[in-house]
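See structure below.
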Amino acid sequence: MQVEIWSDVVCPWCYIGKRRFEAALRQFEHADEVTITWRSFELDPSAPRQREGTSSEHLAKKYGLSNAEVKAMQARVTDVAAEEGLTYRLDDTIGGNTFDAHRLLHLAASEGKQDVMKETLLHGYFTEGLAIGEPSVLTDLAVRAGLDRARASRVLAGTDYTDEVRADERDARRFGLSGVPAFVIDRRIAVVGAEAPAILLDALRQAWAASEGATPLATAK
């Protein structure tokens, strides 16, 4: 069974969704037959390498909210993350472009280390307050995830895996995925959002039991 997860490394619900999916997978009877692939999705493709100002200021401007409203929203997300065992320091996050992070995830996939790379990027951004758009930071995180420093540096300095990132994003549009996280199982069943483990588990079981005649999600317009 193939599970593809579209997400971004600066999406707070994506990290929560990762934990909830992991909880669902632990209960799934055929977990050892599941292959997980992380797919690229940029929440803000136009973002600079490193955004100036605080995350609160950016959200207030983007959504037309007051500072108090943003703080309340961030507190709610932080509390939900804590319920999943995650430590969020949203005030300390340094926003920026995530395209290179996604290229690095494709490099990690080629070495069988994509999930640990994803975890390392998410933790680096949400818990450590690292500038996820900076090549030097990304290189250090790649090494932490078990990748070769020289190879990671070469990828980040060039254009490797650009086509793979763009292909992921085209597929997201083709499937009508406008939000993340999005869990696509065997390209037949999709769950969009950081849903509870029970819902994700049910989707896994439905996909497992699906007949060969089911209409693949890939054909959806």
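The values are calculated or read from the model by the stated rules, or taken from the named source; none is laboratory data. As the structure is a prediction and not an experimental result, all values here were calculated from the model. Note that we place each Cβ from the backbone using ideal geometry, even for glycine, and neighbour counts take in every protein chain shown.
Every condition in (1) at pLDDT 95 or above; (2) more than 23 Å from HIS30 (Cα to Cα); (3) surrounded by fewer than 21 Cβ atoms within 10 Å (Cβ to Cβ) is met by ALA142 except one, and the failing one is (3). For the residues ARG188, ARG166, ARG149, the requirement of being out of contact with any helix residue (DSSP H, G or I) (no Cβ under 7 Å at 6 or more places or on another chain) and more than 21 Å from LEU86 (Cα to Cα) singles out ARG166. Of the listed requirements (1) among the hydroxyl-bearing types (Ser, Thr, Tyr); (2) closer than 22 Å to ALA131 by Cα; (3) under 12 Å from the mean Cα position of the chain (by Cα); (4) surrounded by fewer than 18 Cβ atoms within 10 Å (Cβ to Cβ), THR37 misses just one: (2). Entry remark, the range 119-166: residues being over 26 Å from GLY17 (Cβ atoms) and hydroxyl-bearing (Ser, Thr, Tyr) number 4 in total.
If you take the residues of the range 96-119 that are of a type in the set (Lys, Arg) and farther than 15 Å from ASP160 by Cα, which of them is surrounded by the fewest Cβ atoms within 10 Å (Cβ to Cβ)? Out of the qualifying residues, it is LYS113. Among the residues of the range 168-189, those that are touching a strand residue (DSSP E or B) at 6+ places or on another chain (Cβ under 9 Å) and assigned to a helix (DSSP H, G or I) comprise ASP168, GLU169, ASP171, ALA172. When the range 6-64 is filtered for residues that are among the charged types (D, E, K, R), out of contact with any His (no Cβ under 7 Å at 6 or more places or on another chain) and farther than 30 Å from ASP202 by Cβ, the ones remaining, listed by number, are ASP44, ARG49, GLU52, GLU57, LYS61, LYS62.
Do we have LEU122 as under 16 Å from ASP160 (Cα atoms), at pLDDT 95 or above, buried (at least 18 other Cβ atoms within 10 Å of the Cβ) and assigned by TED's automatic domain parsing to the domain that holds GLU169 here? The answer is no for LEU122. Looking for something of a type in the set (Lys, Arg) and either touching a residue at least 24 places away in the same chain (Cβ under 8 Å) or not in a helix (DSSP H, G or I) (or both) - is there at least one such residue anywhere in the range 62-80? Looking for residues that are of a type in the set (Lys, Arg) and either touching a residue at least 24 places away in the same chain (Cβ under 8 Å) or not in a helix (DSSP H, G or I) (or both), one finds none in the range 62-80, hence no. Among residues of the range 134-156 that are in contact (Cβ under 8 Å) with a residue 60 or more places away in the chain and within 16 Å of ARG49 (Cα to Cα), those with a beta-carbon under 8 Å from a residue that is surrounded by 21 or more Cβ atoms within 10 Å (Cβ to Cβ) and not hydrophobic (A, V, I, L, M, F, W, C) at least six positions away or on a different chain give the pairs GLU134/GLY96. Screening the range 99-167 for helices (runs of 4 or more DSSP H) wholly inside it with 2 or more residues that are of a type in the set (A, V, I, L, M, F, W, C) and touching a Cys at 6+ places or on another chain (Cβ under 6 Å) returns no ranges.
Taken together, the residues in the range 1-31 that are outside any helix (DSSP H, G or I), among the aromatic types (Phe, Trp, Tyr) and either out of contact with any Pro (no Cβ under 8 Å at 6 or more places or on another chain) or without any contact (Cβ under 8 Å) to a residue 40 or more places away in the chain (or both) amount to 1. Hey, any hits in the range 17-34 for a residue that's surrounded by fewer than 18 Cβ atoms within 10 Å (Cβ to Cβ) and touching a Cys at 6+ places or on another chain (Cβ under 9 Å)? Checked against the condition, which is being surrounded by fewer than 18 Cβ atoms within 10 Å (Cβ to Cβ) and touching a Cys at 6+ places or on another chain (Cβ under 9 Å), the range 17-34 yields no hits at all. At pLDDT 95 or above, of a type outside the set (A, V, I, L, M, F, W, C), assigned to a strand (DSSP E or B) and surrounded by fewer than 18 Cβ atoms within 10 Å (Cβ to Cβ): does that describe THR87? Considered against the rule, which asks whether it is at pLDDT 95 or above, of a type outside the set (A, V, I, L, M, F, W, C), assigned to a strand (DSSP E or B) and surrounded by fewer than 18 Cβ atoms within 10 Å (Cβ to Cβ), THR87 comes out as no.
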